[in-house]
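Colleague: What follows is a structure written as structure tokens; I'll ask about it next.
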């Protein structure tokens, strides 16, 4: 059982999410073991802080929200979750219109996130003037979203938006802003420019002990901080969030609507239309509807419908041509040789004896590079050479004691043929 902390203030009017008719009246933020009611300074500790990263149980969060809000039933709200509950990927797509960007990224989901099962929700947007074709896509589990929605529904709260925590720091409309966020388990940075997420990185503090990960994180951190026109916001403590206001309306475009919530809202709108129809039929049955359209009015309505039908037909033809053009541009992406990393790892595990281990694995364009240690590197080379799935197996580095480096190609991945088909000019040059 949790307990409230802090002093209540008059809530600040919350921002609005995407234009769906779903408007959060309140915004709650998860920070370590606390739930923060943004805009009021009110805090509720809903569990004891754990040493290891733990994903919050939906029903525990729902009950904490009920205690913290103390509002009438059917209150719509947004929930802000820690960064490590989301996945970010960077994609480079040229020639794709902003309206088609989400569909184009969705087509690459299996390549961007191999081995991840289950439906994922996606948020990705592009600037109209952006010419570098580099986009940051955020992903969130649909199953997790629906579990949270159903848990909040049991306490008569409507969860209409789930937002990554750094976006909650964007209280004002800055053209170019960076956010540093930190809690007991992770550190993150984002770059937000003209309403679009341009950069995202998040690392668990437990992983900072890995020198390579630590160095990579620090280099990216230094690179983004050197930008002269960026304004930085820091949210590194519970106190910083206690004084925070709800985020600006524009950032809710990166909020994830639970599928069950969207479905319930659609049904509600459909029922509303049915009630209107029933009311109209009742008026007609009671003789309260006055008919009497003249033949001239009827003819004008038919002519108007004919004009609309012709315009829609022309528009659909234009859409069809655009879809065909997009399919042609995406064909090289769809047909890029697949590098099945999971089967490769299983094969290496079966062919390399247990007394040996790998310290580095790189797979690029069908070429695999291994580094590791073994009491008999030559035996590993011989075993891999005998495997029909590999070719051109050889040592990539001179042996240094028990350390070895081996390089080989995957037989079923033919990047050269792919380049000859889709990029013949580049191959000749």
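We did not get these values from a lab; they are worked out from the coordinates using the rules stated. Please read these numbers as outputs of a predicted model, since none were measured by experiment. Every residue, glycine among them, receives a Cβ derived from its backbone with ideal geometry; neighbour counts consider all protein chains shown.
Colleague: How compact is segment 3-257 by the rule of thumb for globular proteins, expressed as Cα Rg over 2.2 N^0.38 Å?
Modeller: Scaled against compact globular proteins, the figure is 0.99.
Colleague: What share of all Cα pairs of segment 292-334, in percent, falls into each consecutive 10 Å distance bin?
Modeller: Bins of 10 Å from zero give 25, 24, 21, 15, 10, 5, 0 percent of pairs.
Colleague: By per-residue mean of other Cβ atoms within 10 Å, what is the highest-first order of 188-198, 387-397, 232-242?
Modeller: Descending mean neighbour count gives 188-198, 232-242, 387-397.
Colleague: Turning to a different aspect of this structure: From largest to smallest, what semi-axes in whole angstrom does segment 122-229 give when each is the square root of 5 times an eigenvalue of its alpha carbon gyration tensor?
Modeller: 27, 21, 13
Colleague: Now for a separate question. Taking the Cβ-Cβ separation of residue 329 and residue 417 as r and a Förster radius of 25 Å, what is the calculated FRET efficiency to the nearest 0.05?
Modeller: For residue 329 and residue 417, the calculated efficiency is 0.80.
Colleague: Label-point separation (nm) for residue 119 and residue 407, each offset 7 Å from Cα along Cα-to-Cβ?
Modeller: Distance between label points: 4.6 nm.
Colleague: Take segment 304-429, drop everything but the C-alpha atoms, weight them equally and run the Debye formula without solvent; then report log10 I(q)/I(0) at 0.09, 0.11, 0.17 Å⁻¹ to two decimals.
Modeller: Here log10 of I(q) over I(0) equals -0.44, -0.55, -0.91.
Colleague: What distance in nm separates the two pseudo spin-label positions at residue 194 and residue 297, each 7 Å out from Cα along the beta-carbon direction?
Modeller: Distance between the two pseudo-spin positions: 5.0 nm.
Colleague: Taking segment 190-276, how much of its Cα-Cα pair set, in percent, is spaced more than 20 angstrom apart?
Modeller: 62
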